[in-house]
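First up is the structure itself, then whatever we jot down about it.
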Amino acid sequence: MNQKLVLLVDDDKDFIEQQSINLTAMGYQVATAYSAAEAQDWLARQQPDLAIVDLMMENTDSGFVLSYHIKKQHPEIPVILVTAVTRETGMSFDLINSEEKQWIKADAVLPKPIRFEQLASEIRRLVN
Amino acid sequence: MDSPVKEGTIETLTLWIVDDEPGLCLGAAKSLNEYVVTFSDLPERVGFSVTSFHTGEAFLEQVDLGVLPDILLLDHRMPGISGLEILEILSARNIKLMTIMITAYGTFEYAVQATKLGAFDFVPKPFTPRELRYSIEKAVRDLILTRKARQLETEKKKVRFEMISVVSHELKSPINAIEGYLDIMKAQRLGAGISEYAAMVDRCMVRINGMRKLIVDLMDLTRLESGQKVRHVQELDLVPIVKQSLESIGPDAAVKQLAITLDMPEAVMMTADPTELTMVCNNLLTNAVKYNIPEGSIFLTIQPTETRVMIQVRDTGIGLSDDDQKRLFQEFSRIKNEQTRDIEGSGLGLSILKKIADLYHGQVSVKSEFGQGSTFTVTLSRGN
C-alpha cells in the first residue's frame, strides 16, 4: 500500500521527535528537516504529500518564507504551518479571515501544542 | 506637562495669573516672561508663557472649555468670585492645578482653608519679583518630580509586563515538550513496554532542568536588578575563587577532552562579594566549555592593574557571527543554529554577567569569529 509521506520542518528537536512518532502512528511515512535550508535541500530531490512547517525557526520567520516557496513551486502540496506564537503574545495567525489567507501561503495554521486528533483530522482533510 | 523634554531645550509651561489688579498682572508677567528656571540637581530648564485674567469668572470660562494652565497664580479678593471660591469649584470638579495664592488678605483661617482646598504655596502681597520666582521655582520642581515619578511607574509596569510575557513564552516551550512526550506515553504509541520510553523520559528530565535553571537565573537577574540581594562585600583574593570555578567545570571539560591553559598571578586582592565573582567565573567558563569543540582549548587569563582586574576567557569553539554578537547581551537571546542546536541554556547568563560587572564599575566585551572561537573579557574595579 502506498503510504503518504509527510515532511516535518522545525528547529525544535522535541517537536520533531514527538510528531515523527505521532505521524508514524497515524500511518504516514516521515521525513524531517531542522531548518528551512535543510528542507529546501530535501525538496530539491523529493516531494512530500504534505508538509508541516514551524513558523519561526532560528529566530526568524524562515518557516513562513519556506511555506510561501513550497506553495509557489508546488501548489499541489498542502502545507500546515505550526506556531508557538499565539494570541497571548499579542500576535495571532489563523486563516479565518480572507485578508490573512491572502498573504499567509498555507492551507492551515495550527497553534502549538498540537493535539493528536486535531492534527490527524487536518491531514486527512488536506491529503485527500 | 506630560511628555519628557530633551535635555538642553527650554520647556515652556503655561502660567495664568488671576488678579483684578492690572498693574500686578503686568509686573508679574514681566518678571516671568523672560525668566528661565534651572536647578542644580535636575537637568530641566523651564520657561513660562504668561496669561492674565482680571476676574475669576473669565478664568472659569476657560476651565469650562477644558483649558487649564500648568501653574495658577490666584488672588483671593476680587470683585466677583473670590480665590477661595475658585479653589472650591476646582476641588468640586476634581481638577488638580498647581496653585500659588497671591493675596494681601492673610488670615490664618484663610491659609488653612486654601491649603485644604489644594493650594500649593502662598506669596503675600506686596511681593518682590524674587519672592514670586522663589515660590514658582518650588512649584516647578514639584511638577517635574511628579512627572518623573509617573513616568517611572509607567515604565516599571511596561518592563514588568514585558518580562512576564517573555518568561511565559520561555516556559511554554519546555512545558509543551514534556506534555507531548507524556501524551505519547499515555497513548502508548510506542507499545506497552516502558523501556521503549526511556529516551523520552530522559528528555523530559533535561527540559525540567532547563526550566529550573531558567527560574534560578531569573531570580539572580531580578535580585541583581532590584538591589534586593544582600551583598557580602569584603577584602578577598580572586585567585582561589577562579580555581574553585575551574574545578567545578572540570568534569564537563574532561568529557569534551578540553585543554585548559592558565595565566594568572599568585594572588589578586580586591574588595568584592565572593558569590558575585563566582558567578562571573562560572558564567565565562561554562560558556567556554558548552560552545567548545571536542579536544578544543580554553585559555584563562587574569591580569590585574593597580585599580582593576581583567578576567579573560578564550575558547576554540564555534564562535559567533557579527549579527549574533550584536544580539548577545539581550535577555533570553540564544544563538540558534546547527551547531548550537543541542546546547541548553536559559539565555540569561550574559545579562547576569553584565549586571554584576556594573556593580564593579566594570565592562564586558566579546571578540569572536564564526567557526574559530570567542574571547570574553570582563574588567572589574578592585575597589581599592
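Worth pointing out:
- On the basis of the beta-carbon distance and an R0 of 51 Å, residue B:211 and residue B:306 show a calculated FRET efficiency of 0.70.
- Global geometry of region B:36-76, whether rounded, prolate or oblate, following the gyration tensor of its Cα atoms and the 1.5 cut on a/c: prolate
- C-alpha long axis of helix B:83-92 to longest principal axis of chain B, angle in °: 40
- For chain B, a Gaussian network of Cα nodes joined below 10 Å ranks B:117, B:218, B:236 by mean-square fluctuation, and the top entry is B:117.
- Panel order for A:107, B:237, by other beta carbons found within 10 Å of each beta carbon, from fewest to most: B:237, A:107.
- Region B:239-312 has equivalent-ellipsoid semi-axes of 23, 13, 10 Å, by the square roots of 5 times the alpha carbon gyration tensor eigenvalues, sorted largest first.
- A dipole drawn for the protein assembly as shown from +1 and -1 charges on Cβ atoms has a positive end, and of B:197, A:35, B:124 the residue lying farthest that way is B:197.
- Net charge dipole size for region B:37-143 [Lys, Arg +1 and Asp, Glu -1 on Cβ; Debye, nearest 20]: 220
- Region B:1-146: relative contact order in percent, alpha carbon pairs under 8 Å with at least 6 residues between: 22
- Dipole of region B:42-97, positive direction: furthest Cα of B:53, B:71, B:42, with charges on the beta-carbon: B:42
- Note on region B:95-143: Rg/Rh from C-alpha atoms, Kirkwood Rh, equals 0.97.
- Dividing the helix sum by the residues of the protein assembly as shown, where each DSSP H run of 4 or more adds -39500 (n - 2.57), gives a mean residue ellipticity at 222 nm of -15000 deg cm²/dmol.
- Nearest-ten-degree value, helix B:129-186 long axis tilted from longest Cα axis of chain B: 30
- Dmax and Rg, reported as Rg then Dmax, of region B:1-148 (C-alpha, Å): 14.8, 43
- Efficiency of FRET between residue B:81 and residue B:14 - r from beta-carbon atoms, R0 25 angstrom, step 0.05: 0.75
- Summed residue charge, Cβ within 14 Å of residue A:24's Cβ, Lys/Arg positive, Asp/Glu negative: 0
- What the phi angles of region B:233-241 give under the Karplus curve with 6.51, -1.76 and 1.60, with θ = phi - 60°, is a coupling list of 6, 7, 6, 8, 9, 5, 4, x, 5 Hz, glycine and proline written as x.
- Residues with amide H under 5 Å from that of residue B:78, placed H, sequence gap 5 or more: B:83
- Calculated P(r) tail over 16 Å for region B:210-260, as whole % of Cα pairs: 66
- Per-bin percent of Cα-Cα distances, chain B [10 Å]: 4, 17, 18, 14, 11, 13, 12, 8, 3, 0
- Neighbours of residue B:31, meaning other residues whose beta-carbon lies under 9 angstrom from its beta-carbon, give a summed charge of +2 when Lys and Arg score +1 and Asp and Glu score -1.
- Fewest-first ranking of A:69, B:54, using other Cβ atoms within 10 Å as the exposure measure: A:69, B:54
- Simple point charges give the picture: +1 on the Cβ of Lys and Arg, -1 on the Cβ of Asp and Glu, and for chain B a dipole about the Cα centre of about 740 debye.
- Counted charge near residue A:37, where neighbours are those whose Cβ lies closer than 10 Å (Asp, Glu -1; Lys, Arg +1): -4
- The Rg/Rh ratio of region B:139-205, with Rg taken over Cα atoms and Rh as the Kirkwood radius over Cα pairs, comes to 1.52.
- The residue list B:291, B:268, B:321 was ranked by how far each Cα lies along the charge dipole of region B:268-354 toward its positive end, using unit charges on Cβ atoms, and B:321 comes out on top.
- Sites residue B:278 and residue B:198, calculated FRET efficiency, Cβ-Cβ separation with R0 35 Å, nearest 0.05: 0.50
- Full extension of the segment from residue B:295 to residue B:161, taken as 0.36 nm per residue of separation minus the current Cα-Cα distance, would add 43.9 nm.
- Using only alpha-carbon positions in region B:242-384, the gyration tensor eigenvalues give semi-axes of 24, 18, 13 Å once each is multiplied by 5 and square-rooted (largest first).
- Cα Rg over Rh - region B:96-225, Kirkwood: 1.50
- 0 to 90° range, to nearest 10: angle between helix B:22-33 axis and chain B longest Cα axis: 30
- Proportion of all alpha-carbon pairs of the protein assembly as shown beyond 39 Å (%): 52
- When the listed pairs B:172/B:213; A:13/B:172; A:13/A:105 are checked against a 21 Å cut-off, the alpha-carbon distance exceeds it for A:13/A:105.
- Mean separation of Cα contacts under 8 Å (6+ apart) over length of chain B, as relative contact order %: 10
- Unit charges on C-beta of K, R, D, E only; dipole of region B:227-384, Debye: 340
- Sorted by Cβ neighbour density within 10 Å, fewest at the top, the residues B:17, B:184, B:208: B:208, B:184, B:17
FYI, it's all coordinate maths here, none of it is from the lab. Please read these numbers as outputs of a predicted model, since none were measured by experiment. Methodologically, a virtual Cβ is constructed for each residue, glycine included, from the backbone with ideal geometry; neighbour enumeration extends over all protein chains shown.
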